[in-house]
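Worksheet: one structure, shown below.
Values in this text are rule-based calculations from the coordinates and carry no lab data. All values reported here derive from a predicted model rather than from experimental measurement. Backbone-built Cβ (ideal geometry, glycine too); neighbour counts: all protein chains shown.
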Amino acid sequence: MSAILLIDDHAMFREGIALTIAQEFRNTPIHAVSTGKEAMAVLSANKEIDLVMMDIYLSDIAGNVLLRYLRQLRRRLRILVVSASRDPVDVHRALSAGAHGYIHKSSDSHGLLDAMACVLSGHDYVPAAFAQAGAQAMRADDAVLLGRLTPRQTEVLRLACEGLRNGEISSRLGMAEKTVKAHMSAVLAVLDVPNRTQATIVARRGGLLRNLM
């Protein structure tokens, strides 16, 4: 590990966690900041940073937004969220935004160091209770997104999930292929996914196919 960026707007916690890390990694520089704006500036100026430890509730920017910015700045960056939130929605959104691990602030130093080691080794770290709750939240979020589709968009997505191409969907539904493409583009936009494969994953996870059987 070359250097660590620590982001937390509570000074006492920030100083305490920095001390814990410094005792374990004596020669590792620790850059501690309190805002997302400071974090992006420090990361841009320090190429040696390879681990970010951050809270998701900051004073100047939403944690999920900051996560995406950090990943855009440094694609290979490893990120561990250290939060006081046990909300499964927060867990799900943090992981979806690019975090590689999630640990509660009440964890002891051994748990924190284990999480750091896991994330730095290239693995994801999510305690079992958080993982289960996060999966449930993910399914709920997907169901909400699917509910925003129009009936026609839902039908196009269902057929796409069956493996049909645009031309085949066009024939099945009796509409122009150009219209099918427009519906599919709208589906991707609503579900906030880049392609049909990801849309299919959301559909299955959100229960769309089960509901239409």
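See the values below:
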quantity: Within the chain: Cβ-based charge dipole about Cα centre, in debye rounded to nearest 20 (Lys, Arg +1; Asp, Glu -1); calculated: 980
quantity: Mean ellipticity per residue at 222 nm, deg cm²/dmol - from DSSP H runs of n ≥ 4 across the chain, formula -39500 (n - 2.57); calculated: -18000 deg cm²/dmol
quantity: Segment 1-61 versus segment 153-213: alpha-carbon centroid distance in Å; calculated: 42
quantity: Spatially proximal aspartates and glutamates relative to Lys181 (Cα-Cα < 19 Å; intrachain offsets below 8 disregarded); calculated: Glu155, Glu162, Glu168, Asp192
quantity: Segment 28-106: projected area of the alpha-carbon convex hull, averaged over directions, in nm²; calculated: 5.0
quantity: Square roots of five times the Cα gyration tensor eigenvalues for segment 147-212, Å; calculated: 17, 12, 11
quantity: Farthest positive-ward along the chain dipole, Cα basis, beta-carbon charges - from Thr28, Ser96, Leu157; calculated: Leu157
quantity: Choice from Ala32, Ala11, Ala203 showing the highest fluctuation, given a GNM over the chain with Cα pairs closer than 10 Å; calculated: Ala11
quantity: The chain: relative contact order in percent, alpha carbon pairs under 8 Å with at least 6 residues between; calculated: 14
quantity: Quotient of Cα Rg and 2.2 N^0.38 Å for the chain, N being how many residues it contains; calculated: 1.24
quantity: Rel. contact order, % - alpha carbon contacts under 8 angstrom, at least six apart, segment 147-212; calculated: 35
quantity: Lysines with Cα under 27 Å of Lys37, excluding same-chain neighbours fewer than 8 positions away; calculated: Lys47, Lys105
quantity: Nonlocal amide H pairs with Leu6, under 5 Å, H built at 1.01 Å; calculated: His31, Ala32, Val33, Met53
quantity: Rounded tilt (10° steps) of 11-24 against the dominant C-alpha axis of the chain; calculated: 80
